[in-house]
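Notes follow the structure.
The values are calculated or read from the model by the stated rules, or taken from the named source; none is laboratory data. Predicted, not measured: the structure shown is a model, and the values here were computed from it. Every residue, glycine as well, gets a Cβ built from its backbone with ideal geometry; the counts of neighbours run over all protein chains shown.
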Amino acid sequence: MPVRIVLNEDEIPRQWYNLAADLPTPLQPPLGPDGNPISPDMLSPVFPMNLIEQEVSQERWIDIPEEVLEILYRWRPSPLHRAVYLEKALGTPAKIYYKNESLSPAGSHKPNTAVPQAWYNKQFGIKKLTTETGAGQWGSALAFSCALLGLECKIFMVRISFDQKPFRKVMRQTWGGKCIASPSSETQAGRAILEKMPDTPGSLGIAISEAVEAAVTDPTGQTRYSLGSVLNHVMLHQTIIGLEAKKQLAKIGENKVDVVIGCAGGGSNFAGLAFPFVADKIHGANIDIIPVEPTSCPTMTRAPFAYDHGDTAKMTPLLPMHSLGHDFIPPPIHAGGLRYHGMAPLVSQAIVEGLLSPQAIPQVECYESAILFARTEGIIIAPETSHAVASVIREANKAKEEGKEKVILFNLSGHGLMDLAGYEKFFAGQLQDYHLPEEEMAKSLAAIAGLPKPSTQKTGKW
Ligand SMILES: Cc1ncc(COP(=O)(O)O)c(C=O)c1O
């Protein structure tokens with residue numbers, strides 16, 4: 001029985017898959033401050049036009065440039081593993097497979113989009129990228145990609161993660177990226193927040209405001225902003241994960257997947273694995289597709305599908321997404337990459353349509369699952385990834401109760417070797433579960449009450 005299924009370089013997918021082409025109810029457009037759909041031109045101070053074209057594309061397949069593939073070959077195709085040791089420990093009849101995205105140089109799936117984003121920016125004549133980072137994985141990935149492509153990189157890192165993960169900063173420095181804690185005094189958005197809340201742990205929403213401001217106010221015009229999740233082109237670049245997985249499963253004669261699982265912060269690693277399977281579901285396959293989030297930041301399971309800003313200072317257009325409100329400051333749980341108030345519009349629209357079954361899981365169960373995984377499969381996973389593993393264990397136990405030999409596929413989005421502070425707290429008994437109280441949620445949702453509402457129309461097929 002193979003435990004590690006690999007592809008050769010020449011078997012790598014040469015096109016990305018765009019779910020927007022197949023969604024049964026169309027993706028709704030981003031809106032400007034006047035409530036009207038924004039034109040691609042309006043995004044041009046923030047992103048280069050070649051990426052804006054991908055953002056609005058309705059093409060089903062988009063070619064991956066040869067030079068991008070050449071960089072991806074450094075770690076791709078990533079292996080597909082069969083988790084036989086975890087299966088045995090659980091005594092489940094289910095077959096569990098995972099894509100190992102922890103093997104990229106930065107340690108997660110994030111370089112799958114950081115490399116093409118840096119490449120497209122460079123093609124457009126851009127010299128410097130700004131970005132935000134939560135857990136630190138995205139900032140590392142962009143610093144790595146900018147180093148390979150000769151671009152400058154400036155990263156606003158959410159304060160709580162900056163303090164919890166000092167070595168992430170050193171990783172970025174090693175790749176030549178500049179990193180500061182957010183909120184910072186370098187931007188108007190940061191200064192305004194610090195005045196109101198000097199001790200804030202920060203949030204991805206605040207860091208995004210700072211990074212966008214730093215890009216659009218650069219007088220040379222040669223700086224753009226880069227986002228590690230949420231946007232359509234980011235989901236697109238990540239689909240290489242699911243497309244490889246399909247080839248790998250076919251190689252071992254595994255023709256039917258029953259359950260697909262990924263953790264979801266802004267939605268990109270989940271979408272990357274799941275969207276090619278969502279396409280199968282749209283065309284009739286019977287698959288449970290589960291994005292997993294923390295109970296402390298319940299965007300998909302409790303928040304409304306609404307138009308909201310992607311950032312706290314309201315610099316971004318209004319996006320149609322599940323959102324806890326742009327002012328939401330999530331509690332400082334250790335899965336920093338899952339502390340975002342919104343969810344990718346493509347993932348949100350698929351939820352509205354009924355194609356996905358989101359789950360929320362508390363953090364103690366996630367750490368227990370991560371430890372079982374480390375002691376069976378051997379890999380110390382990122383705290384974000386532990387949400388996927390906790391859900392896999394629930395599904396594998398369900399298969400055991402039902403006596404069904406289900407095939408479960410999940411995305412191992414990153415390793416946790418830079419996140420050991422969370423593990424240390426868990427072993428010291430200092431980690432608690434947190435269920436977001438209804439009153440807290442109502443408070444942050446008040447910020448979006450007056451904004452336009454997207455349609456929640458669905459075909460009703462799922
Ligand atoms: C390892 C890992 N997994 C998952 C995520 C969540 O992001 P996304 O939902 O975009 O995949 C992050 C974000 O930082 C991460 O570092």
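Per the listing 207, 215, 306, the residue uniquely touching a residue at least 12 places away in the same chain (Cβ under 8 Å), over 27 Å from residue 2 (Cα atoms), in a helix (DSSP H, G or I) and over 19 Å from the mean Cα position of the chain (by Cα) is 215.
One residue stands out among those in segment 240-288 that are closer than 22 Å to residue 322 by Cα and surrounded by fewer than 24 Cβ atoms within 10 Å (Cβ to Cβ): the one that is farthest from the ligand (Cβ to nearest atom), which is 282.
Which ones in segment 326-379 are of a type in the set (A, V, I, L, M) and away from the ligand (no atom under 16 Å from the Cβ)? Steps first, answer last, please.
Here is the first cut: in segment 326-379, the residues of a type in the set (A, V, I, L, M) are 329, 333, 335, 338, 343-344, 346-347, 350-352, 355-356, 360-361, 364, 370-372, 374, 379.
Selection gives 329, 352, 355, 364, 371, 372.
Taking the criterion of being within 16 Å of the ligand (Cβ to nearest atom) and over 27 Å from residue 183 (Cα atoms), would at least one residue in segment 58-79 satisfy it? Yes, the conditions are met somewhere in segment 58-79. Quick one: how many residues across segment 218-233 are within 16 Å of the ligand (Cβ to nearest atom) and without any contact (Cβ under 8 Å) to a residue 12 or more places away in the chain? Looking only at that region, the number is 0. Within segment 405-421, one or more residues are modelled with pLDDT under 95, out of contact with any strand residue (DSSP E or B) (no Cβ under 8 Å at 6 or more places or on another chain), farther than 16 Å from residue 263 by Cα and outside any loop (DSSP other than H, G, I, E, B). Here residue 340 passes the criteria (1) buried (at least 23 other Cβ atoms within 10 Å of the Cβ); (2) assigned to a helix (DSSP H, G or I) except the one numbered (2).
When residue 325 is tested against the conditions (1) assigned to a loop (DSSP other than H, G, I, E, B); (2) over 28 Å from residue 462 (Cα atoms), the lone failure is (2).
Checking the structure you have, find out if any residue of segment 300-311 is crowded, with 24+ Cβ neighbours inside 10 Å, more than 16 Å from the ligand (Cβ to nearest atom) and over 21 Å from residue 18 (Cβ atoms). Yes, because at least one residue in segment 300-311 is crowded, with 24+ Cβ neighbours inside 10 Å, more than 16 Å from the ligand (Cβ to nearest atom) and over 21 Å from residue 18 (Cβ atoms). Answer yes if at least one residue in segment 362-383 is under 15 Å from the mean Cα position of the chain (by Cα) and either buried (at least 20 other Cβ atoms within 10 Å of the Cβ) or over 25 Å from residue 113 (Cα atoms) (or both), and no otherwise. Yes, there is a match, as at least one residue in segment 362-383 is under 15 Å from the mean Cα position of the chain (by Cα) and either buried (at least 20 other Cβ atoms within 10 Å of the Cβ) or over 25 Å from residue 113 (Cα atoms) (or both).
Would you be able to tell me the number of residues in segment 242-291 that are assigned to a helix (DSSP H, G or I), more than 25 Å from residue 108 (Cβ to Cβ) and aliphatic (A, V, I, L, M)? The total comes to 2. Pairs are defined by a Cβ separation below 8 Å, a sequence spacing of at least 6 or placement on different chains, a first member in segment 250-263 that is under 10 Å from residue 291 (Cβ atoms), and a second member that is polar (S, T, N, Q) and part of a loop (DSSP other than H, G, I, E, B); the pairs so defined are 262/413; 263/413. When only residues in segment 381-393 that are within 12 Å of the ligand (Cβ to nearest atom) and among the β-branched types (Val, Ile, Thr) count, which is farthest from residue 408 (Cα to Cα)? Filtering segment 381-393 for residues that are within 12 Å of the ligand (Cβ to nearest atom) and among the β-branched types (Val, Ile, Thr), the one farthest from residue 408 (Cα to Cα) comes out as 381. Going residue by residue through segment 128-148, is there one that turns out to be away from the ligand (no atom under 15 Å from the Cβ), among the acidic types (Asp, Glu) and either at pLDDT below 95 or surrounded by 24 or more Cβ atoms within 10 Å (Cβ to Cβ) (or both)? No, because not a single residue in segment 128-148 is away from the ligand (no atom under 15 Å from the Cβ), among the acidic types (Asp, Glu) and either at pLDDT below 95 or surrounded by 24 or more Cβ atoms within 10 Å (Cβ to Cβ) (or both). With respect to (1) within 11 Å of the ligand (Cβ to nearest atom); (2) among the charged types (D, E, K, R); (3) more than 20 Å from residue 339 (Cβ to Cβ), the lone exception for residue 402 is condition (1). In segment 194-226, what residues are among the aliphatic types (A, V, I, L, M) and closer than 17 Å to residue 134 by Cα? Listed by number, the residues that qualify are 204, 206, 207, 208, 211, 212. Of the residues 253, 284, 205, 190, the single one that is over 30 Å from residue 66 (Cβ atoms) and modelled with pLDDT under 95 is 205.
In the list 24, 93, 40, which residue meets the criterion of being closer than 27 Å to residue 317 by Cβ and at pLDDT 95 or above?
Exactly one residue qualifies, and that residue is 24.
Applying the criterion of at least 2 residues that are touching a Ser or Thr at 6+ places or on another chain (Cβ under 7 Å) to the strands (runs of 3 or more DSSP E) found wholly in segment 74-179 leaves 95-100, 128-133, 152-158.
Being more than 14 Å from the ligand (Cβ to nearest atom), more than 30 Å from residue 26 (Cβ to Cβ), buried (at least 20 other Cβ atoms within 10 Å of the Cβ) and of a type in the set (A, V, I, L, M): is that true of residue 206 here? It is true that residue 206 is more than 14 Å from the ligand (Cβ to nearest atom), more than 30 Å from residue 26 (Cβ to Cβ), buried (at least 20 other Cβ atoms within 10 Å of the Cβ) and of a type in the set (A, V, I, L, M). Yes or no: residue 236 within 16 Å of the ligand (Cβ to nearest atom), more than 21 Å from residue 5 (Cβ to Cβ), in contact with a helix residue (DSSP H, G or I) (Cβ under 7 Å, 6 or more places away or on another chain) and assigned to a loop (DSSP other than H, G, I, E, B)? So residue 236 does not fit the description; no.
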